[in-house]
Amino acid sequence: MTEIEQYIQDVRNNVDNFGGCSPEQALVYSCEAVTETVLGVRKIARCETDEFINSICMNENIETPTVNITPSRSPNVAVANIQEHSVCLHRARSSVPTILHEIAHLIVGLDQHGVLFRDELIRLTRKYIGVEYSSLLFHLMSGTGLEMSPWQASSRQIY
């Protein structure tokens, strides 16, 4: 078994950790969790969160969302509210991938984790985290059967 095949198996083994989700959503979360475990993540302190989100939104040419930081025991570490154009973070230190995940929801205007959302998430992680991270996430998603646009599409730049 190759390394990527082992990671894909890890994703499948971890899907049950995301109960209460649709199968597609659980697969996305599991792909993200395995990617974070394998490559690690940068966490952002509460005092830096607004500045970080604002800089990404300015770069992406979208309105900066209202950001609420509300401690919670919920298994969800963050939630995007499309209608209110807001993000609620439930941890004192949020990871860069978590923030990008919620911004991807706002950019595509969808709560679901379908192909449009996944493509945007890959594009954002490629741009703000790096090719290695986004490549692993992309290959885990496609390797578990989630529909994805071609890898090359994630490098598009809009000026």
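Just a few scattered comments:
- Restricting the first member to the stretch 137-151 and to residues that are without any contact (Cβ under 8 Å) to a residue 12 or more places away in the chain, and the second to residues that are part of a loop (DSSP other than H, G, I, E, B), the beta-carbon pairs closer than 9 Å and six or more apart or on different chains are S142/M148.
- Test: residue in the stretch 40-56 that is at pLDDT 95 or above and under 15 Å from the mean Cα position of the chain (by Cα): yes
- Qualifying residue in the stretch 63-77 (condition: surrounded by fewer than 20 Cβ atoms within 10 Å (Cβ to Cβ) and within 15 Å of the chain's Cα centre (by Cα)): yes
- Matching residues, the stretch 109-159, being within 22 Å of T64 (Cα to Cα), aliphatic (A, V, I, L, M) and crowded, with 18+ Cβ neighbours inside 10 Å: L121, I122, L124, I129
- Single condition E36 does not satisfy, out of (1) surrounded by 13 or more Cβ atoms within 10 Å (Cβ to Cβ); (2) of a type in the set (D, E); (3) over 21 Å from E132 (Cβ atoms): (3)
- Exclusive hit being more than 17 Å from E32 (Cα to Cα) and touching a residue at least 40 places away in the same chain (Cβ under 8 Å), set I103, I99, I44, I82: I44
- Among residues that are closer than 22 Å to V131 by Cα, of a type in the set (G, A, S) and surrounded by 15 or more Cβ atoms within 10 Å (Cβ to Cβ), S55 is not included.
- Count of the stretch 1-40 residues which are of a type in the set (A, V, I, L, M, F, W, C) and free of Cβ contacts under 8 Å to residues at least 60 places away in the same chain: 6
- Of the strands (runs of 3 or more DSSP E) that lie entirely inside the stretch 26-145, those containing 2 or more residues that are in contact with a Ser or Thr (Cβ under 7 Å, 6 or more places away or on another chain) span 43-45, 66-69, 86-89.
- Hits in the stretch 68-106 - residues which are β-branched (V, I, T), more than 22 Å from L136 (Cα to Cα) and touching a helix residue (DSSP H, G or I) at 6+ places or on another chain (Cβ under 9 Å): I69, V79, I82, V87
The values are calculated or read from the model by the stated rules, or taken from the named source; none is laboratory data. All values reported here derive from a predicted model rather than from experimental measurement. FYI the Cβ positions are ideal-geometry reconstructions off the backbone, even for glycines, and counts take in every protein chain you see.
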